[in-house]
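Single-structure report; data block below.
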Amino acid sequence: MENDPIDAWRQLKTHLESLRRAGLLDVPVGTWDPSDFVEPVARFEAEHEPETILTEVVATVEPSVRIPIKPLETDLIPEVVERKPAPAPNRSARPVRPPAPPVSSMFGTYLKAFENPVTPQNDRLPILKLLAAEVAACERCPELASTRTQTVFDSGTPTARLMFIGEAPGEDEDLQGEPFVGRAGKLVTDMLTKGMGLSRSEVYIANVLKCRPPENRVPTNPEMANCVGYLDRQIDIVRPEFICLLGKTAVTALLQSALPMKSLRQRWFRYRNIPTMVTYHPAYLLRSPSFKKEAWEDLKMLMKEMGIVPPAN
Ligand code: URA
């Protein structure tokens with residue numbers, strides 16, 4: 001289903017409803033017609049400084065503007081080529097539908113979130129493999145490219161409902177080529193299996209950076225900017241129903257928020273139009289185990305939304 005306007009409008013309504021509930025948009029309840037939003041949205045834009053309030057709001061509703069990375073050349077693999085509909089017959093004799101009335105820029109950006117067609121489930125793995133090969137050849141960050149053992153792309157299933165996003169590979173991940181396989185990874189596995197009753201193979205796991213930063217230092221802004229486009233493409237291919245961001249680096253890279261973790265957790269954001277929540281990075285939980293209780297509360301919020309009943313221990 002490509003650009004289904006009814007689906008797009010249904011989801012847009014959800015975004016606008018959350019803005020309205022947050023007190024950011026003055027739209028009377030029950031008037032869910034596109035034209036009802038034009039004036040309040042324009043007023044909203046006029047009243048709020050884009051650099052301040054919108055930083056927060058946009059993170060919840062709009063895919064961030066990213067440094068463009070060359071689009072995947074799906075044409076190279078015939079078996080995954082999207083079938084383009086046959087060109088419409090020339091009906092120029094028939095009356096042409098008038099163009100849609102202009103809407104505010106913010107309203108338009110909501111709809112942009114639905115431009116990407118869903119990747120058919122059977123095509124996801126081969127497309128991800130091509131992307132992984134592109135990542136393996138990446139040398140955008142010369143220091144990381146020269147110190148890595150290998151790039152670390154993903155683990156889990158490309159049809160997952162839930163995607164976890166961490167910071168960057170550590171030493172174990174760099175050696176084994178898989179995210180979250182070291183000590184922090186063991187905690188992720190426990191959170192998944194013991195906490196949520198899911199296996200690692202049922203979710204999709206990736207990192208902001210695909211290369212290990214030397215000495216596990218925090219990724220720099222240019223490194224994140226170089227790499228996050230790959231992650232965006234992973235998200236677009238897998239299109240999970242939910243995203244869980246593990247720690248500050250993932251928050252900085254995707255939500256572009258500098259708020260402390262305590263203000264970010266226990267809330268829902270939207271990233272690339274996907275409901276997204278935030279919790280502590282497992283490495284932080286290993287250093288500060290007293291926060292595990294809060295992380296568990298976060299997982300429970302996630303499970304409630306996903307309709308998952310925690311396993312009886
Ligand atoms: N920490 C991360 O953020 N990702 C990994 O893959 C491992 C440790």
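See the values below:
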| read-out | value |
| --- | --- |
| Condition check for Gln234: farther than 18 Å from Leu187 by Cβ, out of contact with any Asp or Glu (no Cβ under 6 Å at 6 or more places or on another chain) and within 16 Å of the ligand (Cβ to nearest atom) | yes |
| Odd one out for Leu259, checked against (1) open to solvent by 10 Å² or more (accessible area, probe 1.4 Å); (2) within 28 Å of Pro117 (Cα to Cα); (3) away from the ligand (no atom under 13 Å from the Cβ) | (2) |
| Unique match (being surrounded by fewer than 19 Cβ atoms within 10 Å (Cβ to Cβ) and either within 16 Å of the ligand (Cβ to nearest atom) or among the aliphatic types (A, V, I, L, M) (or both)) among Ala295, Ala312 | Ala312 |
| Of all residues making up the stretch 217-265, the number that are among the aromatic types (Phe, Trp, Tyr) and over 18 Å from Thr279 (Cα atoms) | 1 |
| Residue satisfying condition, being over 24 Å from Arg267 (Cβ atoms) and either in the same structural domain as Ile274 (by TED's automatic domain parsing) or away from the ligand (no atom under 13 Å from the Cβ) (or both), within set Cys244, Cys227 | Cys227 |
| Lone unmet requirement of (1) in a helix (DSSP H, G or I); (2) open to solvent by less than 20 Å² (accessible area, probe 1.4 Å) for Pro222 | (2) |
| Top-ranked residue in the stretch 179-197 [being under 24 Å from Asp232 (Cα atoms) and either out of contact with any helix residue (DSSP H, G or I) (no Cβ under 8 Å at 6 or more places or on another chain) or touching a residue at least 40 places away in the same chain (Cβ under 8 Å) (or both); ranked as farthest from the ligand (Cβ to nearest atom)] | Val188 |
| Count of the stretch 239-266 residues which are among the charged types (D, E, K, R) and more than 28 Å from Leu128 (Cα to Cα) | 2 |
| Hey, Pro213 within 13 Å of the ligand (Cβ to nearest atom), touching a Leu at 6+ places or on another chain (Cβ under 9 Å) and open to solvent by less than 10 Å² (accessible area, probe 1.4 Å) or not | yes |
| Filtered residues of the stretch 110-156 (kept if open to solvent by less than 50 Å² (accessible area, probe 1.4 Å), modelled with pLDDT of 95 or more and farther than 16 Å from Gln234 by Cβ) | Cys141, Leu144, Ala145, Arg148 |
| Residue list for the stretch 275-292, filter: within 15 Å of the ligand (Cβ to nearest atom) and either open to solvent by 10 Å² or more (accessible area, probe 1.4 Å) or in a helix (DSSP H, G or I) (or both) | Tyr280, His281, Pro282, Ala283, Tyr284, Leu285, Leu286, Arg287 |
| Filter pass, Arg265 being open to solvent by 30 Å² or more (accessible area, probe 1.4 Å), within 16 Å of the ligand (Cβ to nearest atom) and either without any contact (Cβ under 8 Å) to a residue 12 or more places away in the chain or farther than 19 Å from Pro219 by Cβ (or both) | no |
| The stretch 157-178: number of residues that are surrounded by fewer than 22 Cβ atoms within 10 Å (Cβ to Cβ), near the ligand (Cβ under 10 Å from one of its atoms) and under 21 Å from Ile235 (Cα atoms) | 1 |
| Sole exception among (1) away from the ligand (no atom under 16 Å from the Cβ); (2) open to solvent by less than 10 Å² (accessible area, probe 1.4 Å); (3) part of a helix (DSSP H, G or I); (4) within 21 Å of Asp154 (Cα to Cα) for Ala250, by number | (1) |
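The values are calculated or read from the model by the stated rules, or taken from the named source; none is laboratory data. Only a predicted model underlies this, so the values are computations on that prediction, with no experimental measurement involved. Backbone-built Cβ (ideal geometry, glycine too); neighbour counts: all protein chains shown. Please note that ligands, DNA and RNA were not included when accessible areas were found on the heavy atoms of the full protein model with its side chains. Shrake-Rupley method; radii C 1.70, N 1.55, O 1.52, S 1.80 Å.
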